[in-house]
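A short write-up of the structure that comes next.
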Amino acid sequence: MKARVFSGVQPSGNLHIGNYLGALKNWAKIQYGYESIFCIVDLHAVTVYQEPATLRAKIEEIAAIFLAAGIDPKHSTVMVQSAVAAHAELAWMLTCVTPVGWLERMTQYKAKSAAQETIGDGLLQYPVLMAADILLYQAAIVPVGDDQAQHLELTRDIAQRFNSLYGETFVVPQTSLPLVGARVMGLDDPEKKMSKSAGGAGHAVALLDTPDQIRKKIMRATTDSNPAVDFETMGPGVANLLAIFQAFAEWTDDRMKAHFAGLRYGDLKKQVAEMVVSSLEPFRRRYREITAEPGYVAGVLEEGARRVTPVAASTVQLVKERMGLYTC
Ligand code: TYM
C-alpha cells in the first residue's frame, strides 16, 4: 500500500498565491506517489465567526480551486472535513491527551486570540482538530507552508504521547515544505505573511484575480530604496518578488542571479507579473471549465466523503479499543 498524504485549506477568505506556492502546487506534484487526501477544513474556519451563506459557497469554491490547481479526483480524494464526523470525534479523544500548555504556546493561537474580543475555546483546540485530521488517516506526509510547521510539530507530539500512553496506534507524520515559496510575504508589507484574512487591496494576489488585477498589485508591491536588484543588499520586498518568480518558474538560484542581478525594479516587477499571469493561465481555464459543469464539484466532494469514511471509522475503532471506550 502507498503511504498516505493529507493536507487541508480553510474555506475562509480568498485563496492566494501563497496558498498555491506553499501548498497546492506541491500537492499536485506529489499526489501520484501517494494515496492522497485533500480536505476543505470548514470546522477549522468556524473557530472565528463566518457568515453562514458565504462559508457554504466558499466550500465548493475551494474544492473547484483544488481541482483547477491540478488535483486529479480520479486518483486523489477531495473532501470536506465536516462531512466525516470522525474528525470531531477523534479530536475529542486527542484533546484528552493534550496539555493546555502545548496549545497556549502556539504562535497562531497567540496572534489570532489577540485580535478577538472573546476567545472561543475552538481557537485554542484548533491544532488538536488539525492533529485529528492527519492522524485519522494515518498520514505519513503532510505538505504545507511554513506557517503550519509548528502545528505539525504539535501533531507529532500528540501522536507520540498517545502512542506512549496507549501503545503504538498512530503513524507519526512528516512535514513536507516546498524549497521555495514556503512563506510568501504580503506585497504591501513584506514583513508580514501573505494572508487570506488580513491586509488591504494590495496585500495578496488571489488565485481568482484577473490578469489585470495581478499586474496592478505586483506593480505596486513594496520594494526598498535601491534602484535595481542587488542580491547582497536587497530588502524583504524584493526578496519576496524574486521568491514568487522562482517558485513559479522553478529556476535554480544561479539562473535567478544571472538573470535578475542589476535589473531595475520596474522591469523586475513586470517580469514577476508576467510570470504569475502566465503560470496561472491554465489554472484559470480549468477553473472556468470546472465551475461551468453543474453538480460536478458537489459530486467530487460526495465521492470523497464516501471513500474516506471507512478509513476514518477504522482508526476511530482502533483508538476506542486502545483507550477502553465502548465499542459494539
Ligand atoms: P490555511 O488555510 O491557512 O492555508 C492553507 C495552506 O497554505 C499555506 N499558506 C502559505 N504558504 C506560503 N506562504 C503563505 N503566505 C501561506 N499562507 C498559507 C499553509 O501553510 C497551508 O499549507 N491549519 C491549516 C489547515 C489545516 C491543515 C490540516 C493543514 C487543517 N487541518 C491538516 C494540513 C493538515 C490552515 O489554516 O491552512
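The values are calculated or read from the model by the stated rules, or taken from the named source; none is laboratory data. What you are looking at is a predicted structure, and each value in this text was computed from that prediction instead of being measured. Every residue, glycine as well, gets a Cβ built from its backbone with ideal geometry; the counts of neighbours run over all protein chains shown. Accessible surface areas use protein heavy atoms only, side chains included; no ligands, DNA or RNA. Shrake-Rupley method; radii C 1.70, N 1.55, O 1.52, S 1.80 Å.
Kindly list, by first and then second residue, each pair from a residue in region 10-39 that is over 20 Å from A305 (Cβ atoms) to a residue that is away from the ligand (no atom under 12 Å from the Cβ) and open to solvent by less than 30 Å² (accessible area, probe 1.4 Å), limited to pairs with Cβ atoms under 7 Å and residues at least 6 apart or on different chains.
Short answer, once both residue conditions are applied: N14/A206; L15/A206; H16/A206; I17/V276; A28/G70; A28/I71.
State the number of residues belonging to region 9-18 that are part of a helix (DSSP H, G or I) and more than 12 Å from A182 (Cβ to Cβ).
Total satisfying the criteria: 1.
Kindly list the number of the only condition in (1) away from the ligand (no atom under 11 Å from the Cβ); (2) farther than 25 Å from L21 by Cβ that fails for H87.
(1)
If I ask for residues that are in contact with a Leu (Cβ under 7 Å, 6 or more places away or on another chain) and hydrophobic (A, V, I, L, M, F, W, C), which ones from region 18-47 would you list? Let's see the steps before the verdict.
So in region 18-47, the residues in contact with a Leu (Cβ under 7 Å, 6 or more places away or on another chain) come out as 20, 42-45, 47.
Scanning region 18-47 gives L43, A45.
Mind listing whichever residues of region 281-316 are under 22 Å from H16 (Cβ atoms) and open to solvent by 60 Å² or more (accessible area, probe 1.4 Å)?
Of everything in region 281-316, those that are under 22 Å from H16 (Cβ atoms) and open to solvent by 60 Å² or more (accessible area, probe 1.4 Å) turn out to be E281, R285, R286, R288, E289, T291.
Of (1) away from the ligand (no atom under 13 Å from the Cβ); (2) surrounded by fewer than 16 Cβ atoms within 10 Å (Cβ to Cβ); (3) on the phi < 0 side of the Ramachandran plot, G167 satisfies all except one. Which?
(3)
When residues of region 19-39 are filtered for being touching a His at 6+ places or on another chain (Cβ under 8 Å) and in a strand (DSSP E or B), how many remain?
Total satisfying the criteria: 1.
For region 5-46, enumerate the residues that are open to solvent by 10 Å² or more (accessible area, probe 1.4 Å), more than 8 Å from the ligand (Cβ to nearest atom), among the hydrophobic types (A, V, I, L, M, F, W, C) and over 19 Å from K112 (Cα atoms).
A28, I30
Quick one: would you say K2 is more than 9 Å from the ligand (Cβ to nearest atom) and either assigned to a loop (DSSP other than H, G, I, E, B) or surrounded by 22 or more Cβ atoms within 10 Å (Cβ to Cβ) (or both)?
Judged against the criteria, K2 is a match.
For the condition hydrophobic (A, V, I, L, M, F, W, C), touching a His at 6+ places or on another chain (Cβ under 8 Å) and open to solvent by less than 20 Å² (accessible area, probe 1.4 Å), what is the one hit in M106, M93?
M106
Can you tell me which of A204, A228, A239, A247 is buried (at least 18 other Cβ atoms within 10 Å of the Cβ), of a type in the set (A, V, I, L, M) and in the same structural domain as V272 (by TED's automatic domain parsing)?
That would be A247, the only listed residue that is buried (at least 18 other Cβ atoms within 10 Å of the Cβ), of a type in the set (A, V, I, L, M) and in the same structural domain as V272 (by TED's automatic domain parsing).
Tell me which of these Q148 doesn't satisfy, since it passes every other one: (1) among the polar types (S, T, N, Q); (2) near the ligand (Cβ under 10 Å from one of its atoms); (3) open to solvent by 50 Å² or more (accessible area, probe 1.4 Å).
Among (1) among the polar types (S, T, N, Q); (2) near the ligand (Cβ under 10 Å from one of its atoms); (3) open to solvent by 50 Å² or more (accessible area, probe 1.4 Å), the lone unmet condition for Q148 is (3).
Within region 104-112, is even one residue over 19 Å from G304 (Cα atoms) and aliphatic (A, V, I, L, M)?
Initially, region 104-112 is screened for residues over 19 Å from G304 (Cα atoms), giving 104-112.
Still in the running and aliphatic (A, V, I, L, M): 106, 111.
Yes, region 104-112 has at least one match.
Taking the condition assigned to a loop (DSSP other than H, G, I, E, B), out of contact with any Phe, Trp or Tyr (no Cβ under 8 Å at 6 or more places or on another chain) and either closer than 29 Å to V80 by Cβ or of a type in the set (K, R) (or both), does Y287 pass?
no
Any idea which of (1) near the ligand (Cβ under 10 Å from one of its atoms); (2) closer than 30 Å to R322 by Cα; (3) open to solvent by 20 Å² or more (accessible area, probe 1.4 Å); (4) not aromatic (F, W, Y) is the one D157 doesn't satisfy?
So the condition that D157 fails would be (1).
Residues checked against (1) out of contact with any Gly (no Cβ under 7 Å at 6 or more places or on another chain); (2) farther than 29 Å from E250 by Cβ; (3) hydrophobic (A, V, I, L, M, F, W, C):
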| site | (1), (2), (3) |
| --- | --- |
| G101 | yes, yes, no |
| T107 | yes, yes, no |
| I141 | yes, no, yes |
| H151 | yes, no, no |
| N163 | yes, yes, no |
| P173 | yes, no, no |
| G186 | no, no, no |
| K196 | no, no, no |
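Residue under question is F248, and the condition is that it be aromatic (F, W, Y) and within 23 Å of the chain's Cα centre (by Cα); does it hold?
Criteria met by F248.
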